[in-house]
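Enquirer: Quick one: structure below, then a few questions.
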There are 2 protein chains.
Amino acid sequence: MITAPAGFIAGATIAGIKPSGKPDMALVINQGPNFDAAAVFTRNRVVASPVKLSREAVASGQLQAVIYNSGNANACNGVQGDKDAAAMVAAVSERTAIPAADIAACSTGLIGEVLPMDKALAGIDDVAGNLGADKAHGHAAAEAIMTTDTVVKEATFSGTGWSIGAMGKGVGMMAPSLATMLVCLTTDAAASPQALQSALRKACDLTFNTLDVDGSTSTNDTVIIMASGASGVEPSQEELDAAVLAVCSDIADQLQADAEGVTKRVKITVEGTANDEQALNAARTLGRDNLFKCAMFGSDPNWGRVLAAVGMADADMDPDNISVFFNEQAVCLGSTGAPGARDVDLSGADIDVRVDLGTGGPGSAFVRTTDLSHDYVQINSAYSS
Amino acid sequence: MITAPAGFIAGATIAGIKPSGKPDMALVINQGPNFDAAAVFTRNRVVASPVKLSREAVASGQLQAVIYNSGNANACNGVQGDKDAAAMVAAVSERTAIPAADIAACSTGLIGEVLPMDKALAGIDDVAGNLGADKAHGHAAAEAIMTTDTVVKEATFSGTGWSIGAMGKGVGMMAPSLATMLVCLTTDAAASPQALQSALRKACDLTFNTLDVDGSTSTNDTVIIMASGASGVEPSQEELDAAVLAVCSDIADQLQADAEGVTKRVKITVEGTANDEQALNAARTLGRDNLFKCAMFGSDPNWGRVLAAVGMADADMDPDNISVFFNEQAVCLGSTGAPGARDVDLSGADIDVRVDLGTGGPGSAFVRTTDLSHDYVQINSAYSS
């Protein structure tokens with residue numbers, strides 16, 4: 001709930017960018033007294049115009065507002081896209097008297113469609129005139145950034161005398177599915193841009209960056225945190241880290257649960273390799289393997305696909321000493337089937353997969369992914385048409 | 001047709017390894033006078049027992065026979081698997097008087113199930129007593145190596161006074177889908193193991209290695225060529241290269257067309273990057289992107305997903321100067337939508353995608369892939385159960 005911390009107002013409107021007629025614009029404003037901010041953006045080299053704009057805006061360590069639209073990603077629109085993102089920010093600046101340089105923009109939706117600026121500008125007029133610090137206004141903003149999300153995603157963490165609120169959308173993470181991951185965090189803590197950036201980077205690595213629905217990475221992914229300082233409390237870096245992690249974790253759980261077409265939530269842990277980076281490589285390789293993901297959809301304890309997938313990973317391993325555990329039951333030991341392996345019950349919605357690559361090395365990492373279902377194919381084959 | 005070239009006999013039987021009761025064992029024998037051979041194996045580090053055995057057998061440059069079974073991959077069965085593969089070869093040796101060291105073995109099917117050796121050995125007895133050089137025997141062998149294949153895959157190339165025959169199975173390539181890719185080539189040309197290996201390696205790089213259905217790589221992939229010299233003709237390396245390429249190309253086309261759940265055959269060409277390797281990286285990244293593959297299934301000219309996918313590739317690019325062509329019609333120029341891009345007709349079964357990464361570099365490469373369909377999910381979620 002982004003309006004939970006003191007110092008923030010928000011609102012939403014139906015600008016008509018989404019053909020469905022659902023809410024599609026939101027504005028979040030930090031009323032201070034501080035305007036410290038930090039952000040993490042997509043690693044994709046093809047980035048949307050609002051990402052370029054927001055990167056520049058947050059470079060100063062200060063933000064006073066973020067304008068959101070769904071229904072159109074404003075990505076791959078060339079110079080026109082850059083102009084349109086700037087025009088959105090200029091319109092917000094005009095209506096709120098906030099300097100344009102302190103306003104970020106986030107868009108999500110179809111790539112390569114020019115923004116309908118008449119609708120966007122009318123929407124900004126509307127949303128700027130309807131802002132509030134109450135629960136309903138915060139919730140409305142979270143609803144307006146949804147695309148194929150089926151539920152609104154919000155989280156709140158309460159510290160001693162201060163709090164963090166968050167809203168998120170998307171069906172993936174920093175390697176998200178078609179719909180961009182956008183997350184906005186607000187806090188009334190006093191915190192420097194450096195403290196915010198450090199907390200956000202660490203939290204993203206442990207939450208959104210471990211979430212990998214289909215290996216695809218959006219052009220628009222953006223996580224922004226703004227700190228108003230309105231509580232008068234300046235938490236220690238450790239307190240801030242823990243709070244940002246808690247909120248990001250909560251939103252990441254909600255993203256995974258609502259991933260496109262998901263019927264299973266799968267946590268993959270890899271250990272027994274040289275270092276954490278190699279363990280992460282192997283976990284990602286498995287998490288992106290369609291044969292493994294289809295087996296999870298079918299509740300099929302087909303551990304052979306796990307070995308076939310990790311065998312291609314960029315990680316040290318002993319090919320004759322790999323072990324696999326499904327829901328902590330051994331299904332493969334020493335690269336050979338364990339007794340009862342085919343009878344493991346994977347019918348539940350949560351599946352835990354642990355792979356030991358058998359080198360005895362200290363590397364360990366996890367990713368969270370989902371199954372590959374009929375609904376995933378359905379949703380993603382009928383998206384733009 | 002592996003029995004088309006002079007000097008080869010083959011046969012097949014129903015050993016009962018497949019629960020379906022369909023043919024599941026085949027034997028191919030080179031009767032000489034020459035026994036030169038070469039092979040290419042999976043790049044996976046987790047390899048099946050028959051792959052280990054066949055690597056050793058072909059290391060001498062000589063093979064006289066290959067024993068095939070479907071319905072069981074004999075992979076991840078530990079020491080027992082190695083023993084069973086050796087026992088199969090020993091049984092063939094006993095029945096044919098061919099030295100065991102000159103016999104290769106190929107298995108395909110479920111990983112991690114111990115081979116039912118009583119059935120396998122009885123099957124070898126049966127198939128060894130029913131071999132022939134005619135069309136029916138060659139065809140029966142090609143049928144017996146099928147798993148989820150829906151059609152038999154055979155090819156023949158006729159040179160001047162010599163020929164090459166081939167059979168193949170699988171639904172992928174060196175990065176194949178669940179069912180291993182197995183290919184057997186036979187020729188009555190006289191050719192050294194070095195000439196055969198060179199021709200096979202080059203042909204695989206241009207055919208099976210450009211075919212990428214889902215990025216998964218089997219533990220069992222094996223392509224073997226045997227040369228009997230029975231024609232008395234020794235083609236030049238160029239002639240041999242061209243002939244092996246022609247046959248591999250033909251089989252690769254058949255594999256792609258029969259890939260699991262395929263409704264579209266997609267050829268992806270990437271150019272305009274630093275070198276061919278980077279172009280191949282980008283083509284593979286796109287070919288493995290599920291969002292792109294779902295769009296192809298939906299006949300959806302959603303070029304934004306092409307940019308989002310290649311933006312994550314390990315390749316030099318100019319993110320503001322990427323061009324995309326669907327069926328040679330420009331849909332994105334300078335990283336921005338081209339007029340009429342949404343109206344391109346992708347309803348046909350073959351889709352040609354060309355991406356220029358915009359650096360002006362000379363790199364160019366292609367891969368062939370398929371769409372991601374409901375049937376793919378269906379087949380692969382219900383395989384082992």
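Since every read-out is calculated from the coordinates, none of them should be taken as a lab result. Worth saying up front: this structure is predicted, and the values here are computed from it rather than measured. Counting neighbours? That spans all protein chains shown, and the Cβs are built from the backbone with ideal geometry, glycine included.
Enquirer: Going by amide H atoms built from the backbone, whose H comes under 5 Å of the H on B:Asp149, apart from near neighbours?
Expert: Placed amide hydrogens put B:Gly170 under 5 Å from B:Asp149.
Enquirer: Could you tell me the calculated FRET efficiency between B:Asp343 and A:Met117, based on Cβ-Cβ distance and R0 = 30 angstrom, to the nearest 0.05?
Expert: Given R0 = 30 Å and the Cβ-Cβ separation, E is 0.85.
Enquirer: Compute the label-point distances linking B:Glu328 to its equivalents in the other copies; points lie 7 Å from Cα along Cα→Cβ; give nm, one decimal, shortest first.
Expert: 6.2
Enquirer: Another question, if that's okay. In the structure shown, do any of B:Lys153/B:Lys293; A:Lys293/B:Lys22; B:Lys153/B:Lys267; A:Lys22/A:Lys135; A:Lys135/A:Lys169 have a Cα-Cα gap over 22 Å, and if so which?
Expert: Long pairs (Cα-Cα over 22 Å): B:Lys153/B:Lys293; A:Lys293/B:Lys22.
Enquirer: Also, quick follow-up: Treating the point 7 Å from Cα along Cα-beta-carbon as the label, what are the nm separations from B:Pro33 to the other copies, to one decimal?
Expert: Taking the point 7 Å beyond Cα along Cα→Cβ, the inter-copy spacings are 10.1 nm.
Enquirer: Helix A:135-144 against the longest principal axis of chain A: what's the angle in degrees, Cα atoms only, rounded to the nearest 10?
Expert: Result, in degrees: 70.
Enquirer: May I have the extent of the alpha carbons of chain A along their three principal axes, as whole Å values ordered from largest to smallest?
Expert: Per principal axis, max minus min of the Cα coordinates gives 68, 50, 34 Å.
Enquirer: In nm to one decimal, list the spacings between the A:Ala87 label point and its equivalents in the other copies, with label points set 7 Å along Cα to Cβ, shortest first.
Expert: 7.6
Enquirer: Could I ask something else about it? In region A:37-102, how does Rg compare with the Kirkwood Rh, expressed as the Rg/Rh ratio over alpha carbon atoms?
Expert: My calculation puts Rg/Rh at 0.95.
Enquirer: State the volume of the convex hull built on the alpha-carbon positions of region B:1-126, expressed per residue in Å³ and rounded to an integer.
Expert: Spread over its residues, the Cα hull of region B:1-126 gives 104 Å³ apiece.
Enquirer: Using +1 on the beta carbon of Lys and Arg, -1 on that of Asp and Glu, and nothing else charged, what's the dipole of region B:265-380 about the Cα centre, debye to 20?
Expert: So the magnitude is around 280 debye.
Enquirer: Also, quick follow-up: Inside 10 Å of the C-beta atoms of B:282-289, what's the mean count of C-beta atoms belonging to other chains?
Expert: 1
Enquirer: Follow-up. Gap in Å between the Cα centre of region A:4-18 and the Cα centre of region A:241-292?
Expert: The distance from the Cα centre of region A:241-292 to that of region A:4-18 comes to 30 Å.
Enquirer: Which whole-Hz couplings ³J(HN,Hα) result when phi for each residue of region A:31-40 is put into the Karplus expression 6.51 cos²θ - 1.76 cosθ + 1.60, θ = phi - 60°, listed in order with x for Gly and Pro?
Expert: Once θ is set to phi - 60°, the couplings for region A:31-40 become 8, x, x, 9, 10, 5, 7, 8, 7, 10 Hz.
Enquirer: So, one more: Run down the aspartates and glutamates and flag those whose C-alpha is under 17 Å from the C-alpha of A:Lys264, throwing out any fewer than 8 positions away in its chain.
Expert: A:Asp149, A:Asp212, A:Asp214, A:Asp253, A:Asp289, A:Asp300, A:Glu328, A:Asp345, A:Asp350, A:Asp352, A:Asp371, A:Asp375
Enquirer: Taking the beta-carbon count within 10 Å as an exposure proxy, list A:Phe8, A:Phe326 from fewest neighbours to most.
Expert: Sorted ascending by nearby Cβ count, the order is A:Phe326, A:Phe8.
Enquirer: Return the sequence-ordered ³J(HN,Hα) values of region B:126-134 in whole Hz as given by the Karplus equation 6.51 cos²θ - 1.76 cosθ + 1.60 applied to θ = phi - 60°, using x for Gly and Pro.
Expert: Taking θ as phi minus 60°, the curve returns 5, 5, 5, x, 9, 10, x, 9, 7 Hz for region B:126-134.
Enquirer: How far is helix A:78-96 tilted off the main Cα axis of chain A, in degrees rounded to 10, range 0 to 90?
Expert: Long axis of A:78-96 versus the principal axis of chain A: about 50 degrees.
Enquirer: To continue, here is another question. Please list, in order along region B:100-115, the HN-Hα scalar couplings obtained from phi with the Karplus expression 6.51 cos²θ - 1.76 cosθ + 1.60 (θ = phi - 60°), rounded to whole Hz, x for Gly and Pro.
Expert: 4, 5, 9, 10, 9, 9, 9, 10, 8, x, 6, 7, x, 10, 5, 4
Enquirer: Okay, next question. Taking the Cβ of each residue in B:Leu255, B:Leu206 as the centre, tally the other Cβ atoms inside 10 Å and list the residues starting with the fewest.
Expert: The fewest-first ordering by Cβ neighbours comes to B:Leu206, B:Leu255.
Enquirer: Can you compute the helix-only [θ] at 222 nm over the protein assembly as shown? Use -39500 (n - 2.57) per DSSP H run of at least 4 residues, normalise by all residues, nearest 500 deg cm²/dmol.
Expert: Taken over the protein assembly as shown, the calculation gives -10000 deg cm²/dmol.
Enquirer: Here's something else I'd like to know. Which of the lysines could a cross-linker span from B:Lys52 if the Cα-Cα distance has to be under 17 Å and same-chain partners fewer than 8 positions apart are dropped?
Expert: Correct list for B:Lys52: B:Lys83.
Enquirer: Using a 10 Å cut-off around each Cβ, can you sort A:Leu63, A:Leu185 from fewest to most neighbouring Cβ atoms?
Expert: Going from least to most buried by this count: A:Leu63, A:Leu185.
Enquirer: As I understand it, the value is the acute angle between the Cα axis of helix B:193-206 and the longest principal axis of the Cα atoms of chain B; what does it come to in degrees, rounded to 10?
Expert: Tilt relative to chain B: about 30 degrees.
Enquirer: For chain A, give the share of DSSP beta bridges that are antiparallel, in percent and rounded to the nearest 5; count only bridges with both residues there.
Expert: Counting DSSP beta bridges with both partners in chain A, the antiparallel share is about 70 percent.
Enquirer: Just to be sure I understand: with springs between alpha-carbon atoms less than 10 Å apart, which residue in B:Thr269, B:Thr187, B:Thr108 has the highest mean-square fluctuation in the Gaussian network model of chain B?
Expert: Comparing B:Thr269, B:Thr187, B:Thr108 in the GNM, the peak value goes to B:Thr269.
Enquirer: To the nearest 0.05, how large is the calculated FRET efficiency for A:Ala257 and B:Arg43 if R₀ is 25 Å and r is the Cβ-Cβ distance?
Expert: Using R0 = 25 Å, I get an efficiency of 0.10.
Enquirer: Can you list, bin by bin at 5 Å, the percent of alpha carbon pairs in region B:265-380, starting at 0?
Expert: Once binned at 5 Å, the Cα pair distances of region B:265-380 give 2, 13, 25, 26, 18, 10, 4, 1, 0.
Enquirer: For peptide B:367-378, compute the average count of partner chain beta-carbon atoms within 10 Å of each residue's beta-carbon.
Expert: Per residue, the average neighbour count from other chains is 4.
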